[in-house]
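Let me begin by presenting the structure, written as structure tokens, before commenting on it.
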Amino acid sequence: MANPVVLALAAIGAAVVLQFTHAALNFLTFHFLKPTHALQAYRGAPNAPTYALITGSSGGIGLGIAHELTRQGFGVILLGHLPDDIAAAARSLPALNPAAPPPRTIILNAETASPDAIADAVSSIADLDVSILVNNVGSNPVAEPNFRPLATYAAADVDAVINLNARFMARLTARMLPLLSRRRPSGPSDTKTTPNRALIINVASLGMVGLPWLTMYGATKAFDFALSAGLARELAAHPATAHVDCLAVVPGDVRSQGNSAENGIAVPANAPVWDAYGREIVLKAEGAVARGWLDMTPHWRHDLERALLARLPLSVATKGMTDMMRVKKDGLEAFYAKRR
Ligand SMILES: NC(=O)c1ccc[n+]([C@@H]2O[C@H](COP(=O)([O-])OP(=O)(O)OC[C@H]3O[C@@H](n4cnc5c(N)ncnc54)[C@H](OP(=O)(O)O)[C@@H]3O)[C@@H](O)[C@H]2O)c1
């Protein structure tokens, strides 16, 4: 008879191998099997236009998401604060898919918008079948240089980051929920693949783990992440909202309008570019929801970095993050010094 200790060790070994194989297969299918039609569950009846509201979509990742949603046949509602930039972004869309519903726009400053202005913006799109809200707008809107110690932040800097990255998203989502909730699945079941579902995507950041010299930014991204997870569970718990999915996106470095060498920020050479990254979000969101996830890291390299970060000893992770952020901070200071 086999030794029971050997049998127990073999069983543990087999469980570890199975777990690793499952994780590896999940990683490969999630990142490399692309759907032909993304976000099927969030479309309306054939020929009925379905819209997505994307905040901060005149440039960067938000515009990338708008591009791919347009290619996929959704109408998009672009929200931004600079009328000319938003108009230019809206003009770029029809060429991507002439069959997509015409884009709409909302001009709103996410940092300063009052509750009434947000309510008015939501009322202005109540005539549309809006199935998707993407809370994308966000940055580190503090006085330059914007990578620096918290002790140097004025009260206005602290408030600006909270207002843009956290307060606006919470207020807008609260007002949008009745609009998103009125879409009821037409089928008999309320499964994740039933059409006429609604989706909220909240863009957080890997910086939510807490980055030196970007402490307020990271803290507000942790807020976005927690709001998203709590809301996902809250919506699922009630029959009137169980058809509204909610997913956080956790990006690493993405080359974008704001995160670029033109702005003095050292972005890794292999960072994905805003347009391709927006596309990844659109193509992978439904797969993440179907797997029961509350968040996703859509770019495979970021996903590996995130998994590694979670497994490294804290001292090693802290040293790596601090070294990386010091390079960015010093580079940004040199950039501003040259410009003066
Ligand atoms: N890029 C990255 O490496 C990275 C990494 C992790 C997380 N993220 C997150 O991803 C999201 C998008 O980032 P991004 O890099 O694409 O940003 P971005 O290139 O700076 O673009 C931001 C967009 O938001 C708009 N915007 C800025 N301030 C606004 C305001 N007060 N009101 C309304 N709209 C405003 C900008 O419009 P204007 O150009 O007209 O000002 C632009 O369309 C953010 O939440 C960010 O925190 C980015």
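The values are calculated or read from the model by the stated rules, or taken from the named source; none is laboratory data. This structure is a prediction, so every number in the text was calculated from the model and none was measured. So basically every Cβ, Gly included, is an ideal-geometry build from the backbone, and we count neighbours across all protein chains shown. Note: areas computed on protein heavy atoms with side chains; ligands, DNA, RNA excluded. Shrake-Rupley method; radii C 1.70, N 1.55, O 1.52, S 1.80 Å.
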### Query
Among 165, 47, 135, which one moves the most in a GNM of the chain with springs linking Cα atoms closer than 10 Å?
47
### Query
Taking a temperature of 20 °C and a viscosity of 1.002 mPa s, what whole-number D in µm²/s does Stokes-Einstein yield for the chain with Rh from Kirkwood over alpha carbon pairs?
101
### Task
Hand me the chymotrypsin sites (Phe, Trp or Tyr not before Pro) from region 252-340 located in a DSSP loop with no more than 16 other Cβ atoms within 10 Å, in residue order please.
293
### Query
Alpha carbon centre of region 243-301 versus region 40-106: separation in Å?
18
### GNM flexibility winner over the chain from 25, 78, 39 (Cα, springs under 10 Å)
25
### Query
What percentage of the solvent-accessible surface of region 1-76, computed with a 1.4 Å probe over protein heavy atoms, is contributed by carbon and sulfur atoms?
73
### Message
In whole Hz and in residue order, list the ³J(HN,Hα) couplings for region 129-144 that follow from phi through the Karplus curve 6.51 cos²θ - 1.76 cosθ + 1.60, θ = phi - 60°; x for Gly and Pro.
### Response
8, 9, 10, 9, 10, 10, 7, 10, 4, x, 5, 10, x, 9, 4, 5
### Query
Using the membrane-span-like helix rule (whole DSSP H runs, Cα extent along the own axis of at least 15 Å, mean Kyte-Doolittle hydropathy at least 1.6), which helices of the chain qualify?
4-32
### Task
Could you compute the FRET efficiency for residue 242 and residue 175, with r as their C-beta to C-beta distance and R0 at 22 Å, rounded to 0.05?
0.60
### Message
Using only the heavy atoms of the protein chains and a 1.4 Å probe, how would 284, 329 rank by accessible area, largest first?
### Response
329, 284
### Query
If you average the sequence gap of Cα pairs under 8 Å that are 6 or more apart and divide by the length of the chain, what percent do you get for the contact order?
19
### Task
Could you order 309, 18 by accessible surface area, starting with the largest, using a probe radius of 1.4 Å?
18, 309
### Message
If you count only protein heavy atoms with a 1.4 Å probe, what accessible area per residue comes out for region 1-152, rounded to a whole Å²?
### Response
51
### Query
Tell me, what is the 1.4 Å probe accessible area of residue 324, in Å² to the nearest 10?
90
## Note on the structure
Highest GNM mean-square fluctuation among 72, 257, 19, for the chain with Cα springs under 10 Å, belongs to 19
### Message
Sequence gap at least 6, Cα distance under 8 Å: using those rules, report the relative contact order of region 8-126 to the nearest whole percent.
### Response
19
### Query
With charges only on Cβ, +1 for K and R and -1 for D and E, what is the dipole size of the chain about its Cα centre, in debye, rounded to 20?
480
